[in-house]
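Novice: Following this message is one structure expressed as structure tokens.
Please treat every number below as a calculation from the coordinates, not as lab data. Being a predicted model, the structure only gives us computed values, none of them experimental. Here the Cβ positions follow ideal geometry from the backbone for every residue, glycine too, while neighbour counts run over all protein chains shown.
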Amino acid sequence: MDCSILRKKFNESLFDIYNSEELNIIFYIVMQNLTNKSKLELMTSNYKLGNVKEKIFYEYVNRLSNYEPIQYILGNTIFNNLEFDLDNSVLIPRPETEELVDLIIKHECKKEKILDIGSGSGCIAIALAKYILRSNVTALEICPNAVKIINKNASKNNVEIDIICEDLFTFQSKSTFDLIVSNPPYIVYSQKYKISKNVLNFEPHHALFVNDNDPLIFYKVILNFSKNNLNVDGNIFFEINDIFHHEMIQLVSKYQNFSYKLIKDFHGKKRFMILKKNT
Ligand code: GLN
């Protein structure tokens, strides 16, 4: 069946879930995966799928129509121009987190010893190890399944990182770091009703949600860890929930040796906090 008919069927099956821009992006991701052709080749020739691939195409459409994210269907995604494998034991890396990685890469500070807390797919740790020369990156992750994925992604991207499978709440280390980064769970359960089905029904809730009674708990533990394990002049980069940016400022103000800066994401939301340890 040729590409234009497939496109029509694709749109008809999924128009109530995705807008036309999203449909366009997802259609080409699917077709590129099935044909190994570039987007340009697909757009400029009326490409046909054989019977076997057509069957897979419809399987994908069926899964998409059940709100399953394309990244889980294909088992991979692109993050900061690198390819990452993933399954639903880890969060799908977000464009905001790509911005966080860019911020770190551009920031002028010492970045020899880096710790990524709550590494998930390893996207932050691996992208930093790839793009920051002479860095020594450690990824801390509680979930053994995720650790397997981090390992796979590190070798897929030809980087060596240290991976520690441990709970942040009991984690102790003799090492000190120049830079600590974390994108911890930061959506409160009371915001759950706002979250779309493709996130809620598929992504791991322990990676997304935090209890309403202590929404900054991960940041608190990381700040306490930083008392002994972050070098003077070292930096912390947090991804945060913009609705809690005032509370974040209050929290950080309790640590007198830290200065901070809030940075907006591409949506204009206060999404990142950079902290510097001064003494
Ligand atoms: N660090 C990973 C990411 O940014 C996982 C984050 C998480 O599970 N909260 O995608």
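Novice: Run the simple label-point estimate for ILE25 and GLU247 please: 7 Å along Cα→C-beta, distance reported in nm.
Specialist: It is 2.9 nm.
Novice: A follow-up question, please. Classify region 108-147 as rounded, prolate or oblate from the Cα gyration tensor: take a ≥ b ≥ c as the square roots of its eigenvalues, call it rounded if a/c is under 1.5, otherwise prolate when a/b beats b/c and oblate if not.
Specialist: Prolate, because a/c is 1.5 or more and a/b exceeds b/c.
Novice: As an exercise, use a Förster radius of 30 Å and the Cβ-Cβ distance of ILE5 and ARG94 to find the FRET efficiency, rounded to the nearest 0.05. Walk me through the numbers before you get to the answer.
Specialist: Working: r = 33 Å, r/R0 = 1.11.
After rounding, the FRET efficiency stands at 0.35.
Novice: Additional query: For LYS9, which lysines qualify as cross-link partners when the Cα separation must be under 29 Å and same-chain residues fewer than eight apart are set aside?
Specialist: Hits, sequence-local ones excluded: LYS37, LYS39, LYS48, LYS53, LYS55, LYS197.
Novice: Per 10 Å bin, what percent of the C-alpha pairs of region 49-148 does each bin hold, from zero upward?
Specialist: The distribution over region 49-148 is 14, 38, 27, 14, 6, 0, given as percents.
Novice: Cβ neighbours within 10 Å, averaged per peptide: list 18-25, 210-217, 198-205 in order, most packed at the top.
Specialist: Working: 18-25: 12.5, 210-217: 14.5, 198-205: 16.1.
Packing proxy ranking, top to bottom: 198-205, 210-217, 18-25.
Novice: Rank-order 88-94, 187-193, 229-235 by packing density, defined as the average count of other C-beta atoms within 10 Å over each peptide's residues, highest first.
Specialist: Working: 88-94: 20.6, 187-193: 13.6, 229-235: 17.9.
Listed from highest to lowest mean packing, they are 88-94, 229-235, 187-193.
Novice: While we're looking at this one, here's another question. Between region 14-40 and region 137-203, how many Å separate their Cα centres?
Specialist: Cα centres, region 14-40 to region 137-203: 28 Å.
Novice: In terms of the Cα gyration tensor, with a ≥ b ≥ c the square roots of its eigenvalues, is the chain rounded because a/c is under 1.5, prolate because a/b exceeds b/c, or oblate?
Specialist: Details: a/c = 2.30, a/b = 1.85, b/c = 1.24.
Because a/c hits 1.5 or more and a/b exceeds b/c, the chain counts as prolate.
Novice: Separation of region 234-279 and region 65-88 by C-alpha centroid, Å?
Specialist: Between the Cα centre of region 234-279 and that of region 65-88, the gap is 29 Å.
Novice: Related question: Between HIS205 and ASP16, with labels modelled 7 Å along Cα→Cβ, what's the label distance in nm to one decimal, could you check?
Specialist: Using points 7 Å along Cα→Cβ, the separation is 2.6 nm.
Novice: Show me 164-176, 51-63 ranked by packing, highest mean number of other Cβ atoms within 10 Å first. Don't jump to the answer; show the numbers that get you there.
Specialist: Values: 164-176: 12.1, 51-63: 13.9.
The most tightly packed comes first, giving 51-63, 164-176.
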